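Values in this text are rule-based calculations from the coordinates and carry no lab data. Just so it is clear, the model here is predicted, and its values are computed rather than measured. Cβ atoms come from the backbone with ideal geometry, glycine included; neighbour counts cover every protein chain shown.
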Amino acid sequence: MEKKRVLITGAAGFLGSHLCDRFIREGFDVVGMDNLVTGDLRNIEHLFKLEEFEFYHHDVSKFIHVPGRIDFILHFASPASPIDYLKIPIQTLKVGALGTHNCLGLAKSKRARILVASTSEVYGDPLVHPQSEEYWGNVNPVGPRGVYDEAKRFMESITMAYHTFHGLETRIVRIFNTYGPRMRLNDGRALPAFIGQALRGEDLTVFGDGSQTRSFCYVDDLVEGIYRLLHSDYSHPVNIGNPVEISLLEFAQEIISLTGTDRKIIFKPLPVDDPKQRKPDISKAKALLGWEPRVDRAKGLRLTYDYFRSLPREDLYLQPKEFNSTR
């Protein structure tokens, strides 16, 4: 039987690289694509020796050409942390808008099924808790986070337009906070920030009073949910995340316990439009996909901590990326 071929954009990123691994294990030929603005080739260097894998260094905001058959497209190219999309706001908007348009056009020409990576950020600072797919969100379109939130909201809209107007087979995953190996220590998100500070012997920084909540899903669970959604027949958005909620203050205390540091927690002002709470309603994923997370936070954190400890020491002191262009 002929092998299926999948294109994964953002392939050198945290989630994209894990998806490449999963699809290769499932017997697919994988085409990875990344412009490496926030991605890291170290995440996929183990795949370059495989004949099932090929890589294109390309910006999906520009026209995409991939020769040959493509059966599936997973569009995961995007900056995905506040530090990135606050420094490169225009690229963030372009990859969510132009990049999605280009991926949808490629899917249409190849007659491929496409899954796009949306986010819980489409809910903004939610007034409904937990967040179900039917909630339309509370987003500030002109705030500092709006470039990411609105890019993903546009992504969902144009994907549904291609589905209804062109009959394209589309899937939309709304991803909640995810963690695991291959996260960037310097990406500004809570978990790598806390672990990085602990490994450097620094105090842990909590913003606000730490009462804001997040729900953390281990990457293997997320990838399983995405894989099931791609192979389902459901075209509307589906939340994939772990509904076990924790405050960021409690989370910082867990990291202190995990790492054995004797450092203390310090508090800084809450960033603008930072969501006060995050918790997915995963009823739809359970009913449609038979999916729910299986890796508990204690195990997932230990695996992630072991990964960060294995990195070269200089990685602990890398500053957030500086980007040269905002075209």
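Among what's in region 76-122 and is in a loop (DSSP other than H, G, I, E, B) and of a type outside the set (A, V, I, L, M, F, W, C), pick the residue that is nearest to Asn186 (Cα to Cα). Across region 76-122, the extreme among qualifying residues is Ser81.
Condition first: buried (at least 21 other Cβ atoms within 10 Å of the Cβ) and either touching a strand residue (DSSP E or B) at 6+ places or on another chain (Cβ under 6 Å) or of a type outside the set (Asp, Glu) (or both). Now tell me which residues in region 81-93 satisfy that. Give the steps one after another, and end with the answer.
At the first step, the residues of region 81-93 found to be buried (at least 21 other Cβ atoms within 10 Å of the Cβ) are 84-85, 88, 91-92.
Hits for region 81-93 are Tyr85, Ile88, Gln91, Thr92.
Restricting attention to region 18-57, the residues that are assigned to a helix (DSSP H, G or I) and out of contact with any Cys (no Cβ under 7 Å at 6 or more places or on another chain) add up to 13.
Can you say whether Leu15 is hydrophobic (A, V, I, L, M, F, W, C) and farther than 23 Å from Leu168 by Cβ, as far as the supplied structure shows? Criteria not met by Leu15. Restricting attention to region 197-251 and to residues that are in a strand (DSSP E or B) and within 17 Å of the chain's Cα centre (by Cα), the residue that is surrounded by the fewest Cβ atoms within 10 Å (Cβ to Cβ) turns out to be Pro237. Name the pairs whose Cβ atoms lie under 9 Å apart, with the first residue in region 158-169 and touching a residue at least 60 places away in the same chain (Cβ under 8 Å), the second loosely packed, with under 13 Cβ neighbours inside 10 Å, and 6 or more positions between them or separate chains? Listed pairs, sorted by first residue: Leu168/Arg111; Glu169/Arg111; Glu169/Asp233.
Restricting Arg171, Arg182 to residues that are under 21 Å from Lys108 (Cβ atoms), of a type outside the set (Asp, Glu) and either crowded, with 20+ Cβ neighbours inside 10 Å or out of contact with any Pro (no Cβ under 6 Å at 6 or more places or on another chain) (or both) narrows the list to Arg171.
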